[in-house]
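Structure first, commentary second.
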Amino acid sequence: MNSFLEQLRHQRAPSGSREFKELTKKDAQIQLAQELDKLHATTPEEKKWQKQKEFDGFQRLYQRFLQEEGPSVEWESIEKLPENAVKNYSTLSQPAAEQVQSMLSKLVVVKLNGGLGTSMGCQGPKSVIAVRSDLTFLDLTVQQIEHLNKTYRTNVPLVLMNSFNTDEDTQKVIRKYKGLQVDIHTFNQSCYPRINRESLLPVAKNCNVESDIEAWYPPGHGDFYESLYNSGLLKKFLDEGREYCFISNIDNLGATVDLNILNLLLNPEDNKSPEFVMEVTDKTRADVKGGTLIQYEGKLRLLEIAQVPKEHVDDFKSVKTFKFFNTNNLWVKLDGKIILFQQCQFCSDLMEYIISAIDRVIKKGDLNMEIIVNNKTLNNGLNVIQLETAVGAAMKTFEGGLGINVPRSRFLPVKKTSDLLLVMSNLYSLKNGSLVMSPQRMFETTPLVKLGDNHFAKVKEFLSRFSDIPDLLELDHLTVSGDVTFGKGVSLKGTVIIIANHGDRIDIPAGALLENKIVSGNLRILDH
């Protein structure tokens, strides 16, 4: 069977022939539909409806992947951000104490919980990695929501969007929270088949995911909207009178419920509630690859580095040109207009129906988020692609988009062990599940930490290299590379660079103070 790519490579029609391209695209879509039908036939009867919903979504994504050509953004068409496009957090007003309980009754907290901890050398969901005082990401999140519910005598639900990789383990973990004052709901994002890079057809042979887990993938957190809708939870929360959901990554320890932002949404000065709010923060040189907010075709939208033409990548990374980057802390409107309509021709009663913002963009087919093509190589050497979307990219499809420039403290992700070092240190204290920057730290910014991949990338090895976590209160920059260990009570200040060359080892002794030091060589005992 000739592949779509092969047909394009060996096309006999003149280069750029629209008719040829359209035919080959149509052929690829037909072949895909046939393969998905075969896969669907292997699905257990009780799961057929759900799998068909997922395959419908996958086909729409695949069709757009074939149709779209060139960058999704014309660089010259990017407009200057309007003055009111990004609000400064400092301008937001606090809600009156008597309003808070009512406000929280309209909120749902969503954590994106689809990722594994494999990049940090851990098994299972990333959310069950211990990050502080033997508490996991999930423990801290539950503590935050329970404290909120107890303090304001309310019932904010916690919703976890799992993937097929994390769902089973997460279900086992959340049982321990049953006695707490938190209602926890879960739903799964879609499970899509990986595509052979040559044939552009699914590599899966049947719908038994567990039998060939490498053949399947979760299609990024942009799948949130359709999966929430399909799960039935959207309708449940609408029926309860919930108006907004706050979405964030489970590994962002700064992403706590903020009452000032919620107040802006529920009690706007101009009586116009934005449907989509993106928290952004000031870009530093360490954040140059992060997505940013732009004005495009008259609307706010997210611009990711993957969408940028190669000749403009340096412009995109410029801190002067693009001052903010996306924290992936998002506030999305759940409810929408109340529609009055006649029930039937024999009945004069008018019925009220709420059409939610998410409901609207899905049913209108407006949810065309930019496609991220993620290239992977399977363990058997097969090259595959997976088509993904990002949750923030939906901003352009909602009405009244808004950015809020928040303090850096609301962006505290733990992606690597270098981040873990910071959150485990005395830079922070733990209060009701939230990390609070120490008042003894003279600067609001966190230190820049780089730990060598060969010796520090995995959590277990990282922990074995520290007798305890050093004092980082006055640290600006730390680079550690090679076989390095730290004794108890070490203090690091200013800029510290420690490099053990290949075959060498450096042991930092207990009680050592390193301030603006460069250490290299092969040192077992350091005299300061």
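State the Cα centre-to-centre distance between the range 372-421 and the range 151-174 in whole Å.
Between the Cα centre of the range 372-421 and that of the range 151-174, the gap is 20 Å.
Report the longest stretch of the chain that contains none of the chymotrypsin sites (Phe, Trp or Tyr not before Pro) sitting in a DSSP loop with at most 13 other Cβ atoms within 10 Å.
1-345
In nm, to one decimal, how far is the modelled label at T479 from the one at N375, with both set 7 Å along Cα→Cβ?
Modelled inter-label distance: 2.9 nm.
In the range 191-232, what GluC sites (Glu not before Pro) fall in a loop by DSSP, with at most 13 other Cβ atoms inside 10 Å?
Within the range 191-232, the qualifying GluC sites (Glu not before Pro) (loop, at most 13 other Cβ atoms within 10 Å) are E198.
Kindly work out what percent of the DSSP beta bridges joining two residues of the chain are antiparallel, to the nearest 5.
Roughly 50 percent of the DSSP beta bridges within the chain come out antiparallel.
What is the list of residues in the range 182-205 whose amide nitrogen lies under 20 Å from a point 7 angstrom out from the Cα of Q101, following Cα to Cβ?
182-183, by backbone N distance to the label point.
HN-Hα J couplings of the range 80-95 from phi, Karplus 6.51/-1.76/1.60, θ = phi - 60°, integer Hz, Gly and Pro as x?
With coefficients 6.51, -1.76 and 1.60, one gets 5, 4, x, 4, 8, 6, 10, 8, 7, 4, 5, 8, 6, 9, 7, x Hz.
Taking square-rooted eigenvalues a ≥ b ≥ c of the alpha carbon gyration tensor, is the range 411-528 rounded, prolate or oblate, where a/c under 1.5 means rounded and, failing that, a/b exceeding b/c means prolate?
Because a/c hits 1.5 or more and a/b exceeds b/c, the range 411-528 counts as prolate.
222 nm [θ] for the chain, helices only, -39500 (n - 2.57) per DSSP H run of 4+, per residue, to 500?
-7500 deg cm²/dmol
Roughly how many nanometres apart are two label points built 7 Å out from the Cα toward the Cβ at N426 and K310?
5.0
Work out the FRET efficiency for K53 and K415 from their Cβ-Cβ distance, taking R0 = 45 Å, and round it to the nearest 0.05.
Efficiency for this residue pair is about 0.90.
When we measure straight from the Cα of K87, which aspartates and glutamates land under 17 angstrom away, once same-chain ones fewer than 8 places off are left out?
Qualifying aspartates and glutamates at Cα under 17 Å: D258, E269, D270, E275, E279, D282, E399.
Quick check: Cα centre of the range 235-289 to Cα centre of the range 82-129, how many Å?
6
At R0 = 25 Å, how high is the FRET efficiency between Y89 and N271 if r is their beta carbon distance? Nearest 0.05 is fine.
The computed FRET efficiency comes out at 0.70.
Please list the non-local residues whose amide H lies under 5 Å from the amide H of N249, H modeled 1.01 Å from N, same-chain partners needing a gap of 5 or more.
L112
Just to be sure I understand: of the beta bridges DSSP finds with both ends in the range 124-215, what percent are antiparallel, rounded to 5?
Taking every DSSP beta bridge within the range 124-215, about 40 percent pair in antiparallel fashion.
Let me check against my output: what whole-number percent is the relative contact order of the chain, with C-alpha pairs under 8 Å and at least 6 apart?
Across the chain, relative contact order equals 15 percent.
On a full-extension model of 0.36 nm per residue, what is the gain between S520 and K323, subtracting their alpha-carbon distance, rounded to one decimal in nm?
Taking S520 through K323 to full extension adds about 67.3 nm, to one decimal.
Return the carbon/sulfur percentage of the accessible area of the chain, one whole number, probe 1.4 Å, all protein chains in place.
Heavy-atom surface of the chain belonging to carbon and sulfur, 1.4 Å probe: 48 percent.
I'd like the trypsin sites (Lys or Arg not before Pro) in the range 163-259 restricted to DSSP loop residues with at most 11 other Cβ atoms within 10 Å, sorted by number.
Counting only loop positions with at most 11 other Cβ atoms within 10 Å, the trypsin sites (Lys or Arg not before Pro) in the range 163-259 are K178.
With a 1.4 Å probe and all protein chains in place, put R285, R60, R153, R505 in order of accessible area, largest first.
So, going from the largest accessible area down, we get R285, R153, R60, R505.
Provide the gained length on full extension for the span S211 to A286, in nm with one decimal, where the gain is 0.36 nm per separating residue minus the Cα-Cα distance.
22.9 nm
With a 1.4 Å probe and every protein chain left in place, work out the accessible area per residue of the chain in Å², rounded to a whole number.
For the chain, the per-residue accessible area is 50 Å².
In nm, what is the difference between 0.36 nm times the number of residues separating L463 and N260 and their Cα-Cα distance?
Here the segment from L463 to N260 would lengthen by 69.3 nm.
Compute, for E461, the solvent-accessible surface of its heavy atoms (probe 1.4 Å) with the complete set of protein chains present, and express it in square angstrom to the nearest 10.
60
Just reorder T281, T42 by solvent-accessible area, largest first, 1.4 Å probe, all chains present.
I get T42, T281, largest accessible area first.
Amide H of L427 versus every other amide H placed in the peptide plane: which residues, excluding those fewer than 5 positions away on the same chain, fall under 5 Å?
L472
The values are calculated or read from the model by the stated rules, or taken from the named source; none is laboratory data. All figures in this text were calculated on a predicted structure; none of them were measured in a lab. For neighbour counting, all protein chains shown are included, and Cβ atoms are generated from backbone atoms with ideal geometry for every residue, glycine included. Heads up: the accessible areas ignore ligands, DNA and RNA and are worked out on the full protein's heavy atoms, side chains in. Shrake-Rupley method; radii C 1.70, N 1.55, O 1.52, S 1.80 Å.
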